[in-house]
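Visitor: Input: one structure, supplied below.
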Amino acid sequence: MHVNRSPSAASPPSTSSLSLGANIETRFHGTTPLLAATSTGHIPTIRLLLDFHADITARTADGSTIIKLALDGGHTAVVSFLLSRFPHMLITDPRHPKGREWLRRQFRVIRDNVTDEQSKPPWFVLERILSGELGPVAGRSVLVGDVQMDISRNYAAGVRVVHTGTFDGVFVRHEGVRESAGLLNGVLPTTEYDVVGTRVEEGEGWVVERWRYRDKRSGVEVMDGVDWFWIRDGRICVKWIYYTVQCREGWGSRNCPI
């Protein structure tokens, strides 16, 4: 028997069940009713769920945001509706004008943080990302937001990912990369990070990036994030991640995930 595990497989609760206190964030195969409604583009259901305070920062099991799901499905009306309800919503997906603006700012920060001029990422890389077409991999095109293709392009088949800090563990191969990303997605409500330092070891294949994260809505912050990468033949072979997630007292209205 085949079971549909797509985001649209989750059925949203009825108005009566919501009025009686049904859990609006109940997940079915890793997705919430709001995310499922977004993937189908059904604005009346989205409006209903938001009226009952559904969490717009929730992500699917693979890390997809509500905006990504809407853009993946070509539901531009849904994106417009969400922005009408939440005009200050963070959008990092470059398929939307707000996402392109955000990516340009972040790319400039990353360039400015690399002190070695020869190691700075070239501007044409940004333009390729903004175009949404990054070129073929194994006979396929890589599109922005395609997590599986991003992993295939950037990570070696036998990659090792080491976690220390809030989470401790070693993850292997591409499945481990997805599991590692899922841990971070599970505790950081949004997708915006502040890169505060980047160092490239010329000729050695090592890259070190320091980052921070703050979300006042949830009260979650990371002030000590560091990612180390060892890159060989254009792919990440080892990634070591350190960060500690904390909850700032007095921030946010939701329970801290840690």
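Visitor: Answer yes or no as to whether T190 is hydroxyl-bearing (S, T, Y) and in a strand (DSSP E or B).
Guide: Here the answer is no, as T190 does not meet what is asked.
Visitor: Got at least one residue in segment 218-228 being surrounded by fewer than 17 Cβ atoms within 10 Å (Cβ to Cβ), of a type in the set (A, V, I, L, M, F, W, C) and assigned to a loop (DSSP other than H, G, I, E, B)?
Guide: no
Visitor: Separate question: Filter segment 153-169 down to residues that are assigned to a strand (DSSP E or B) and either in contact with a helix residue (DSSP H, G or I) (Cβ under 8 Å, 6 or more places away or on another chain) or farther than 17 Å from W230 by Cα (or both), then give me how many there are.
Guide: First, the residues of segment 153-169 that are assigned to a strand (DSSP E or B): 155-165, 169.
Keeping just the survivors that are either in contact with a helix residue (DSSP H, G or I) (Cβ under 8 Å, 6 or more places away or on another chain) or farther than 17 Å from W230 by Cα (or both) gives 155, 157-161, 163, 165, 169.
Going through segment 153-169 one residue at a time, the tally reaches 9.
Visitor: Filter segment 59-80 for residues that are crowded, with 18+ Cβ neighbours inside 10 Å and either within 22 Å of E192 (Cα to Cα) or of a type in the set (D, E) (or both) and give the result.
Guide: Those that are crowded, with 18+ Cβ neighbours inside 10 Å and either within 22 Å of E192 (Cα to Cα) or of a type in the set (D, E) (or both): R59, T60, S64, T65, I66, I67, K68, L69, A70, L71, V78, V79.
Visitor: In this structure, does G176 turn out to be within 27 Å of T32 (Cβ to Cβ) and at pLDDT 85 or above? Steps first, answer last, please.
Guide: Working: within 27 Å of T32 (Cβ to Cβ): yes; at pLDDT 85 or above: yes.
Here the answer is yes, as G176 does meet what is asked.
Visitor: Could I ask something else about it? Please state which one of L71, L126 is in a helix (DSSP H, G or I), free of Cβ contacts under 8 Å to residues at least 24 places away in the same chain and within 23 Å of R153 (Cα to Cα).
Guide: Step by step, each of L71, L126 is checked, and only L126 is in a helix (DSSP H, G or I), free of Cβ contacts under 8 Å to residues at least 24 places away in the same chain and within 23 Å of R153 (Cα to Cα).
Visitor: In addition: Residues in segment 161-198 that are closer than 15 Å to I151 by Cβ, touching a strand residue (DSSP E or B) at 6+ places or on another chain (Cβ under 9 Å) and of a type in the set (S, T, N, Q): how many?
Guide: 1
Visitor: Can we say E204 is in the same structural domain as Y242 (by TED's automatic domain parsing), modelled with pLDDT of 85 or more and surrounded by fewer than 18 Cβ atoms within 10 Å (Cβ to Cβ)?
Guide: no
Visitor: Check off (1) at pLDDT 90 or above; (2) more than 22 Å from E179 (Cα to Cα); (3) crowded, with 20+ Cβ neighbours inside 10 Å for L35 and give me the number that stays unchecked.
Guide: The number of the failed condition is (2).
Visitor: Could you pull out the residue among V144, V159 that is β-branched (V, I, T) and modelled with pLDDT of 85 or more?
Guide: Details: V144 fails: modelled with pLDDT of 85 or more.
One residue alone meets the criteria, V159.
The values are calculated or read from the model by the stated rules, or taken from the named source; none is laboratory data. Note that this is a predicted model, so its numbers are computed, not measured. Positions of Cβ are generated from backbone atoms using ideal geometry, with glycine treated the same way; all protein chains shown enter the neighbour counts.
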